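This report concerns only the one structure given below.
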Amino acid sequence: MRPIALSRIMCSLGMLCVSYLSAFAAAGDYPSRPVKIIVQAGPGNSPDVIGRLLAEQFAQIWGQQVLVINHVGAGGSIAARAAVTAPADGYTLFMPATSIFVSMQELFPDLPFEVSRALTAVGFVGEQPLAIAVSPALGVNSLPELFALANRRPNGIDYAASPVGGLPHLTGAWLRSASGANLNFVPYPGVAQAMGDILGGRIPMAIESLAVLKSVADAGYLKILAFASTERLPNFPNVPTVAETLPGFVAIGWFALVAPTGTDEAIRAKLGQDLAKALARPELQRKLAEVGGTYARPMSVGQTNEFIRSQQNLWQPVLRQLDLQPH
């Protein structure tokens with residue numbers, strides 16, 4: 001081999017080694033300053049609560065301040081844009097709701113980025129079971145009774161869900177299609193407005209996360225007929241799943257932690273390990289279940305990416321039936 005060629009190879013190997021050493025050094029020092037976690041909901045809402053619980057655990061693990069930044073509105077696209085345009089250095093993370101990866105591109109086709117390419121997984125946080133609930137005044141005690149009543153009424157039954165294109169809306173559309181029941185979506189800009197009409201008796205049905213509906217159901221204003229979970233929930237053994245009436249019907253809200261694409265692989269690996277460490281703590285598991293209505297479910301980066309793709313495939317047929325327009 002010629003000396004010049006050999007020197008070029010050695011130089012390339014040297015540069016590669018420097019690159020790897022720099023990456024590991026960066027991960028070893030990470031984080032050396034405050035970290036931000038973007039959420040798409042306002043203070044007090046479920047994503048915000050879950051984000052703050054995680055931030056508290058990360059701060060303990062890292063010895064660094066971890067801030068939750070609320071970017072509200074436009075179906076989550078404001079939060080997504082803030083995350084996508086942030087430096088890919090591991091100091092800005094994003095905890096999107098399900099709709100960001102499932103329906104945001106359909107809601108906002110003119111976005112200057114494709115979310116699945118612009119954001120990369122760090123790890124999975126947990127699942128939020130969706131509940132189908134009705135006013136006791138309807139006089140129904142099961143999903144079959146609800147479907148039968150909806151089809152007896154000339155105008156069917158209205159259900160509240162928010163936002164347009166969000167998982168509760170998509171779940172309602174799938175429920176209508178799968179059951180053949182005359183269920184009518186009533187859009188709301190936020191959960192607070194929807195709950196106001198439900199408590200006022202103007203809307204008899206709601207599809208929302210357990211975190212949103214639990215206190216209202218406990219107070220007797222709504223009756224939970226079913227959860228759209230894979231199996232009955234441990235804390236609600238007498239409440240059936242939707243799949244017990246409509247086989248194969250599973251609609252679960254979920255949260256993953258993601259970062260801008262281009263974030264160093266070693267930093268993402270450290271983030272994933274620390275996320276798993278936080279989620280393994282019984283204290284966090286208890287708080288997620290009690291406050292956020294969320295069941296912790298750690299996954300690797302690869303498993304998280306695969307789960308996101310499976311959810312996109314699951315909801316595509318439902319999205320094709322809908323004419324999604326932002327409200």
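Of 300, 80, 115, which is farthest towards the positive pole of the chain's charge dipole, taken about the Cα centre with +1 and -1 on the beta-carbons of Lys, Arg and Asp, Glu respectively?
The listed residue farthest towards the positive side: 300.
To check you understand DSSP bridge types, tell me what percent of the beta bridges within the chain (both residues inside) are antiparallel, rounded to 5.
Values: 21 of 37 bridges.
In the chain, approximately 55 percent of DSSP beta bridges are antiparallel ones.
Return a whole-number percent for the relative contact order of the range 129-244, with Cα pairs under 8 Å and 6 or more residues apart as the contact set. Numbers along the way, then the final one.
Details: 194 pairs, mean separation 43.9, N = 116.
Worked out over the range 129-244, it gives 38 percent.
Can you list the residues, at least 5 places off or on another chain, whose amide H is less than 5 Å from the amide H of residue 209, using H built in the peptide plane?
Placed amide hydrogens put 131 under 5 Å from residue 209.
If you look at just the Cα atoms of the range 129-244, how large are its Rg and its Dmax in Å?
In order Rg, Dmax, the Cα atoms of the range 129-244 give 12.8, 38 Å.
For every helix of n ≥ 4 consecutive DSSP H residues, a contribution of -39,500 (n - 2.57) applies; sum these over the chain, divide by its total residues, and give [θ] at 222 nm rounded to the nearest 500 deg cm²/dmol.
Computed mean residue ellipticity for the chain: -14500 deg cm²/dmol.
What's the Cα-based Rg to Rh of the range 192-237, Rh via Kirkwood? Mind dumping the intermediate values first?
Numbers: Rg = 11.2 Å, Rh = 11.4 Å.
My calculation puts Rg/Rh at 0.98.
Return the sequence-ordered ³J(HN,Hα) values of the range 198-208 in whole Hz as given by the Karplus equation 6.51 cos²θ - 1.76 cosθ + 1.60 applied to θ = phi - 60°, using x for Gly and Pro.
Listing the rounded values in order: 5, 5, x, x, 8, 10, x, 8, 9, 10, 7 Hz.
Evaluate the charge dipole of the chain about its Cα centre and quote only its size in Debye, nearest 20, assuming +1 on the Cβ of each Lys and Arg and -1 on the Cβ of each Asp and Glu.
Values: 23 positive and 22 negative charges, 72 e Å.
Dipole magnitude for the chain comes out near 340 debye.
Cut-off under 26 Å on the C-alpha distance; same-chain residues fewer than 8 positions from residue 277 excluded. Which lysines are left, in chain and number order?
The qualifying lysines are 36, 287.
Can you tell me, using C-alpha contacts under 8 Å and at least 6 residues apart, the relative contact order of the range 20-123 as a whole percent? Can you show the working numbers first?
On the way: 135 pairs, mean separation 29.6, N = 104.
Once divided by the residue count of the range 20-123, the mean separation gives 28 percent.
For residue 122, enumerate residues with amide H under 5 Å from its amide H, sequence gap 5+ or separate chain, H modeled in the peptide plane.
Result for residue 122 returns 257, 258, 259.
May I have the convex hull volume per residue, in Å³, for the Cα set of the chain?
Working: hull volume 49.7 nm³, N = 327.
Output value, Cα hull per residue: 152 Å³.
In degrees, nearest 10, range 0 to 90: what is the angle between the Cα axis of helix 167-179 and the longest Cα principal axis of the chain?
Helix 167-179 sits roughly 50 degrees off the main axis of the chain.
What ranking do 296-304, 40-48 get when scored by the average of other Cβ atoms within 10 Å per residue, highest first? Display every interim value, and only then the final one.
Working: 296-304: 17.4, 40-48: 19.4.
Packing order, densest peptide first, comes out as 40-48, 296-304.
Under a point-charge model restricted to the Cβ atoms of Lys and Arg (+1) and Asp and Glu (-1), what is the dipole moment magnitude of the range 129-244 relative to its Cα centre, in debye to the nearest 20? Working shown, then result.
Values: 7 positive and 7 negative charges, 36 e Å.
Dipole about the Cα centre, nearest 20: 180 debye.
FYI, it's all coordinate maths here, none of it is from the lab. It should be emphasised that the depicted structure is a prediction, and the values quoted were computed from it without experimental measurement. We place every Cβ from the backbone using ideal geometry, glycine too, and count neighbours over all the protein chains shown.
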